[in-house]
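Have a look at the structure below before the remarks.
The values are calculated or read from the model by the stated rules, or taken from the named source; none is laboratory data. Quantities reported herein were computed from a predicted structural model and do not represent experimental measurements. Positions of Cβ are generated from backbone atoms using ideal geometry, with glycine treated the same way; all protein chains shown enter the neighbour counts. Protein only, heavy atoms only, side chains kept; ligands, DNA and RNA dropped before computing areas. Shrake-Rupley method; radii C 1.70, N 1.55, O 1.52, S 1.80 Å.
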Amino acid sequence: MKSDAWAWSAGQPGVLVLPSGRLVRGRGLRRPLDPAAPAPAFGVYLLGARPPSPPWESHWLRWPDFRLPADRARACEVLTQAWRRAADERVEIACHGGRGRTGTALACLAVLDGVPAQEAVDFVRRHYDRHAVETPWQRRYVRGFGGLTGPGS
């Protein structure tokens, strides 16, 4: 992982440090973004309706509150892209509250990073937010998340 101005800092609010050293920021969009905080280079927004486009590269995943992504194959692709980019870019994952959908997505990134799927929710609750991943079906989704396999994975 590059250690330069493009990385988050481990102590910043919402920053999850994955076992590989990748840093990913989780955030609730209902809370205003701190103008002094660095902007992400890439964001993944997990909402039921398309949000306004931020001034950085981003993807929107249709993911209604308390539910699962509408297109699970696309979610897998986008989350895998976010995990890859987090190696040397500031990546942000966000939903409205920053806990359920964001926590679920962060747990999927932890699986991609080598955390066993059965332990990923606990990992995110310990290192990001103790209330992350709010529903039983979100926990099952993480346990079944395998990421992308094949060349370049």
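Tabulated data
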quantity	calculated
The chain: C-alpha pair distances exceeding 28 Å, %	9 percent
Net charge of Cβ neighbours under 12 Å - reference D65; Lys, Arg +1; Asp, Glu -1	+4
Share, in percent, of DSSP beta bridges within the range 13-68 that are antiparallel, nearest 5	35 percent
C-alpha center-to-center spacing [the range 76-153, the range 7-59] in angstrom	13 Å
Heavy-atom accessible surface of the chain: percent carbon and sulfur, 1.4 Å	51 percent
Considering only the chain, percent of DSSP beta bridges that pair antiparallel, nearest 5	15 percent
Total formal charge among the other residues, if their Cβ is under 14 angstrom from that of A75, Lys/Arg +1 and Asp/Glu -1	+3
Geometric extent, Cα atoms of the range 21-79 - Rg, Dmax (angstrom)	12.3, 35
Accessible surface, per residue, of the chain when the full set of protein chains is kept, probe 1.4 Å, Å²	50 Å²
Helical contribution to [θ] at 222 nm, DSSP H n ≥ 4, -39,500 (n - 2.57), averaged over the chain, rounded to 500	-9500 deg cm²/dmol
